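Worksheet for the structure shown next.
Read-outs: derived from the displayed coordinates by stated rules, not from any lab. As the structure is a computational prediction, the values presented were derived from the model and not from experiment. Cβ atoms come from the backbone with ideal geometry, glycine included; neighbour counts cover every protein chain shown.
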Amino acid sequence: MTDRNEARLLAATRLLSRRGLSRPDVDDVITEIRSDGIIKFKDDPAPTQPIPYAPLGIMIILWKYTLPWRDANDLRQWLGKKVVDGAGNTVANTVEEWLFSVDQAIGVKYGGTFVSVGTPQAEISTYWWFRGVQALTKLSTALQASQSAQGAPQQMGGGVPNPKDDVLEVFRQFRHWVEMDPNRHETRLELLSKFGDLSTEWDVAPMIAVGLRL
Amino acid sequence: MFCPSDCYVRAPDLRIRPVPEMGCCLIYTPSNPNLYTLNATAWLILELCDGRSGEEIAAGFASIVRESTGQVGESSIFVSGLEDLMAKGIVTRTQTRMPPAGGEICSQGDVR
């Protein structure tokens, strides 16, 4: 066994010693490979409960996209639609109100959709808060699985999300507008204080970031 | 299906990036481009797959689990982990002993 293999075996053993034995877990993740940083956390970034001083979460996925004002108006109207359940009962006055009220067990929270003021086109930002990497990984994996299962996406502005549906359907519908912008991009922001020392080794390895794959 | 007399080895083109700070190990499989996160148990099984027989690897797994956690590394846990790693092309089966394989993502541009 080489030194490198021995070092990895030792690292795995130490991690097992800290975490204890659990069922083996091999998760498939949606990836975005970057070459300008590394993962460098000092703490476990996947708390299962909100931490007191950061109740919204420790990570933000930010979608930025630009639309003609006419399309932005369609998005506005979708966000303003009433949400009803299968029996026709009103669950929320608007989709956005419902979105703000959803705090899924997986640890994702809608942070709002904002638009620029006084620009030729609508420059839109949508925020999604996550409690940690684990929450983001779970949602990304679930999205991938549900998209594979569902096949062709629904028509833009189709059904209003039923509260019995999970947040995946909302993501799918939302992305129809986002994907209208070929120059859309996604930024992953993480609480600075959760990182380790950023002054050294910042360029030693590619950053492998889990995202929502815009 | 697991066979104690068969030998198991990490896929030859694997990229392995331990991230113990996050409690996992990242694995990239270039031949079937996918990225996986392995928890500590799955990672340990992977590291033990160095071309030895399934029986030897299982014994090594049980020994390490006992020494490092005081728990019992049940055979069913080991077999389910190994079979999952095989199903995803991270570990392969071989009839003959092979030298250890695998590498690390250690420089920019290795994996895109």
Per residue of B:68-77, other chain Cβ atoms within 10 Å number on average 3
Distant-in-sequence amide H partners of B:CYS24 (H built 1.01 Å from N, under 5 Å): B:VAL19
For a quick check: with amide H placed at 1.01 Å from N, whose amide H comes under 5 Å from B:ASP6's, ignoring anything fewer than 5 positions away on the same chain? B:GLY54
Residue-by-residue Karplus 3J(HN,Hα) for segment A:70-75, coefficients 6.51, -1.76, 1.60, Hz, glycine and proline x: 5, 5, 4, 5, 4, 4
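In peptide B:15-22, what is the residue-averaged number of other protein chain Cβ atoms found within 10 Å of each Cβ?
Average neighbour count from other chains, rounded to a whole number: 6.
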Other-chain or far-sequence residues with amide H under 5 Å of A:GLY132's (modelled H): A:ILE58
Please list, in order along segment B:49-58, the HN-Hα scalar couplings obtained from phi with the Karplus expression 6.51 cos²θ - 1.76 cosθ + 1.60 (θ = phi - 60°), rounded to whole Hz, x for Gly and Pro. 7, 10, x, 6, 6, x, 5, 5, 5, 4
Using θ = phi - 60° and the Karplus form 6.51 cos²θ - 1.76 cosθ + 1.60, what ³J(HN,Hα) does each residue of segment A:119-135 get, whole Hz, x for Gly and Pro? 10, x, 10, 7, 9, 10, 10, 10, 10, 10, 9, 10, 6, x, 4, 4, 5
Taking loop as defined by DSSP and a crowding limit of 15 other beta carbons within 10 Å, which GluC sites (Glu not before Pro) in segment B:15-75 fit? B:GLU74
